[in-house]
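Comments concern the structure below.
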Amino acid sequence: MTEFVDGWIFGHTLGEGAYGEVKLVINKSSGEAVAMKMIDLAKHPDARQTVKKETTIHRTLSNPNIIQYFGKRSEPSMEYIFLEYASGGELFDRIEPDVGMPVWEAQKYFKQLISAVEYLHSKGIAHRDLKPENLLLDENDNLKVSDFGLATIYRLRGKERCLEKRCGTLPYVAPEVLLYPYHAEPADIWSCGIILVALLAGELPWDQSLAECPEYMAWRDGKYMSLTPWKKLDNSSLSLIKNILIHSPSARCTIKDIKQHRWFIKKFQRAGTIEGYIRPDETDSRQVLEDENLTRFGLSQPELPTTENANAVQINLDERQGFSFSQPAHIEDLLLCTQVQTKFTQASQQNTFQRLVRRMTRFFVKTELEATVIRLLNCLKNESYTCRVNNFGTITISTMDRRKMPLVFKANIVEMDGKILVDFRLSKGCGIEFKRRFVKIKSLLEDIILKGPVTWPIAVATECIP
């Protein structure tokens with residue numbers, strides 16, 4: 001396979017989407033890391049045209065708040081897209097369910113989001129699926145807009161067209177998108193307003209912006225002040241949101257208006273928080289996020305035949321990789337192409353063995369591995385989740401969220417320096433709802449969770465590379 005370059009290996013799975021997975025790939029020599037989006041054409045033959053459009057748009061973009069595009073590779077049954085690796089994780093992970101985040105932090109991310117959207121619109125491009133799940137954070141905690149699968153060009157050579165495709169994620173979609181041909185810019189701005197509500201209040205205001213939704217009609221009719229999430233917000237925040245979430249797109253504020261609003265301009269102190277804001281387990285949770293000695297380990301073990309019986313757990317300890325990179329069966333099958341590698345070397349060098357993707361949805365436990373799996377499965381069973389466990393300690397958890405939409409997430413149970421780490425990752429569905437479920441599961445396992453400061457061991461990752 002001469003078109004592949006030796007020296008690039010798979011790391012762990014970063015995320016999952018409608019068409020496939022996103023994996024970390026690492027240069028063995030330089031330690032450079034990139035994200036590789038894999039689109040399975042055998043399962044989704046209609047995706048090839050979508051990939052072509054996505055990459056055509058994404059390659060034209062260069063902005064500090066947009067994930068950088070490096071290149072793509074096409075094969076008969078698979079498309080690979082190579083992107084900047086955002087080690088800070090997903091924005092939704094920083095949102096405490098039903099609480100939100102400190103106002104200074106929300107303002108920081110919102111300003112960066114507006115900067116990215118303003119840039120996109122200057123290029124005549126609409127994102128059309130702005131939501132916290134598509135907003136990533138880099139190692140310096142800067143926001144990066146990702147996933148241009150629904151993006152489109154709405155203005156070319158000064159001529160603007162109305163859009164007709166109904167797309168996006170319902171709670172974030174503007175009302176006009178659901179009803180008739182719409183202008184691109186007000187629709188994206190609406191999504192930004194919903195994201196701001198999520199940042200400040202830790203919840204979404206409605207399921208969809210239609211007359212059939214009572215929460216939306218209460219907002220539209222001005223009968224919302226006694227309702228959540230609005231009663232959580234201060235007057236300045238609410239003033240900006242009211243100007244963004246206006247039903248009529250022609251009356252909705254523009255990005256220029258947003259940037260001139262007093263909330264956007266005001267410099268909030270880092271100590272400033274939402275009234276009554278308390279981040280649960282601040283010390284314990286942030287330990288995982290901020291410890292510079294936490295190195296990456298392989299969580300990308302293959303799914304094997306599973307069992308529905310929570311007590312019939314057989315974990316193959318001999319074959320588990322533990323705290324290391326999972327190695328491919330045929331390394332030459334997993335390497336990157338020469339054309340893309342040239343662009344990788346132009347990217348900033350990263351020490352890929354410094355830490356995991358920062359994520360608050362993980363914790364260490366006191367129990368042994370198999371006891372942890374059994375305890376977790378029994379907990380999930382009691383909460384009426386559908387579970388599937390493989391013999392490498394990965395539990396796939398499925399349910400329906402409060403909007404009756406599918407919610408799927410995974411719990412990876414990993415041995416690390418004699419301790420057991422339980423790491424949760426969203427696979428499909430609403431990030432805030434996933435975080436809400438995680439908080440509940442964590443509370444039910446409180447008696448086995450390790451408390452207080454943890455001395456995080458450093459694994460010698462290079463020993464895992466052949």
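For the stretch 142-160: of the residues being of a type in the set (Lys, Arg) and open to solvent by 40 Å² or more (accessible area, probe 1.4 Å), which is modelled with the lowest pLDDT? Break it down into steps so the answer makes sense when it comes.
Within the stretch 142-160, the first condition is being of a type in the set (Lys, Arg), and the residues that meet it are 144, 155, 157, 159.
From what is left, the residues that are open to solvent by 40 Å² or more (accessible area, probe 1.4 Å) are 155, 157, 159.
Numbers: Arg155: 97, Arg157: 91, Lys159: 95.
Step by step, filter the stretch 142-160, then rank; the result is Arg157.
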Check: Within the bounds of the stretch 36-52, is there any residue that is in a loop (DSSP other than H, G, I, E, B) and surrounded by 22 or more Cβ atoms within 10 Å (Cβ to Cβ)?
Finding: no
Item checked: Tally of residues being touching a residue at least 40 places away in the same chain (Cβ under 8 Å) and either assigned to a strand (DSSP E or B) or open to solvent by 20 Å² or more (accessible area, probe 1.4 Å) (or both) across the stretch 73-94 -> 10
Check: Say we look at the stretch 421-460 and pick out the residues that are touching a strand residue (DSSP E or B) at 6+ places or on another chain (Cβ under 9 Å), open to solvent by 10 Å² or more (accessible area, probe 1.4 Å) and over 30 Å from Leu204 (Cα atoms); which of these is modelled with the lowest pLDDT?
Finding: Ala459
Margin query: Given the criterion out of contact with any Pro (no Cβ under 6 Å at 6 or more places or on another chain), open to solvent by 40 Å² or more (accessible area, probe 1.4 Å) and of a type outside the set (A, V, I, L, M, F, W, C), identify the matching residue among Glu139, Glu133.
Written below: Glu139
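Could you tell me whether the stretch 114-125 includes any residue that is open to solvent by less than 40 Å² (accessible area, probe 1.4 Å), over 18 Å from Arg59 (Cα atoms) and not in a strand (DSSP E or B)?
Yes: the stretch 114-125 contains one or more residues that are open to solvent by less than 40 Å² (accessible area, probe 1.4 Å), over 18 Å from Arg59 (Cα atoms) and not in a strand (DSSP E or B).
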Next item on the list: Filter the stretch 204-251 down to residues that are modelled with pLDDT under 95, open to solvent by 40 Å² or more (accessible area, probe 1.4 Å), more than 19 Å from Lys404 (Cα to Cα) and part of a loop (DSSP other than H, G, I, E, B), then give me how many there are.
Entry: 8
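The values are calculated or read from the model by the stated rules, or taken from the named source; none is laboratory data. None of these values were measured; they are calculated from a predicted model. Cβ: placed from backbone, ideal geometry, glycine included. Neighbour counts: every protein chain shown. For the accessible areas, the whole protein counts, side chains as well, though only heavy atoms, and no ligand, DNA or RNA atoms are used. Shrake-Rupley method; radii C 1.70, N 1.55, O 1.52, S 1.80 Å.
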